[in-house]
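Some notes on the structure that comes next.
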Amino acid sequence: QVQLVETGGGSVQPGGSLQLSCTASGVTFSNYCMGWFRQAPGKEREGVAVFQKNMQTHVYDRLKGRFTISRDNSKSTLYLDMTKLTPEDTAMYYCAALSWCGHYSTWLEYVKFWGQGTQVTVSS
């Protein structure tokens, strides 16, 4: 079975940092574009960042400069480094494997596998 397992979530104060990790199994990791998505209560799921098979990265415009995505194909692991966190970053963060990573508006429709999510809570 395909599994994407996220770790690293938790509670942090505004201005703090966290690193999320996603380890894949049952799938050829290097054959997929990998991405991070998030969903806050009452909000739609949105794309955060993707890391393409050609090693190019794309981060949602409003998160550029604070969030960085990386991957280690030898470990089948995807990372998301988050800095200068604010309460509006509070959400469930999901790892995903995509068959294609094009325009930001299409990321969701190309997701083939989802992780279970890891909660990030930013508060005082």
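The values are calculated or read from the model by the stated rules, or taken from the named source; none is laboratory data. This one's a predicted model, so the numbers in the text were calculated from it and none came from an experiment. Don't worry about glycine lacking a Cβ; one is built from the backbone with ideal geometry, like all the others, and counts go over all protein chains shown. The area values use the complete protein model at the heavy-atom level, side chains included, leaving out ligands, DNA and RNA. Shrake-Rupley method; radii C 1.70, N 1.55, O 1.52, S 1.80 Å.
The apolar share of the surface of region 19-86, taken as the fraction of accessible area on carbon and sulfur atoms (1.4 Å probe, ligands and nucleic acids excluded), comes to 43 percent.
Listed by chain and number, the lysines whose alpha-carbon sits under 18 Å from that of LYS75, ignoring those within fewer than 8 places in the same chain, are LYS53. Based on the convex hull around the alpha carbon atoms, the chain presents an average projected area of 7.0 nm².
In terms of accessible area, using a 1.4 Å probe and ignoring ligands and nucleic acids, LEU18, LEU80 rank largest first as LEU18, LEU80. Ligands, DNA and RNA are left out, and with a 1.4 angstrom probe the accessible area of the chain is 53 Å² per residue. Other residues whose C-beta falls under 15 angstrom from the C-beta of GLY10 contribute a net charge of -2, scoring Lys and Arg +1 and Asp and Glu -1. Could you please tell me the mean projected area of the C-alpha convex hull for region 47-104, averaged over all directions and given in square nanometres to one decimal? Averaging across all directions leaves 4.4 nm² for the Cα convex hull. Sequence-ordered 3J(HN,Hα) estimates for region 94-104 from the Karplus curve with 6.51, -1.76 and 1.60 and θ = phi - 60° stand at 10, 8, 8, 10, 10, 7, 7, 10, x, 5, 3 Hz, glycine and proline given as x. When TRP100, TRP114, TRP36 are compared by accessible surface with a 1.4 Å probe, the order from highest to lowest is TRP100, TRP114, TRP36.
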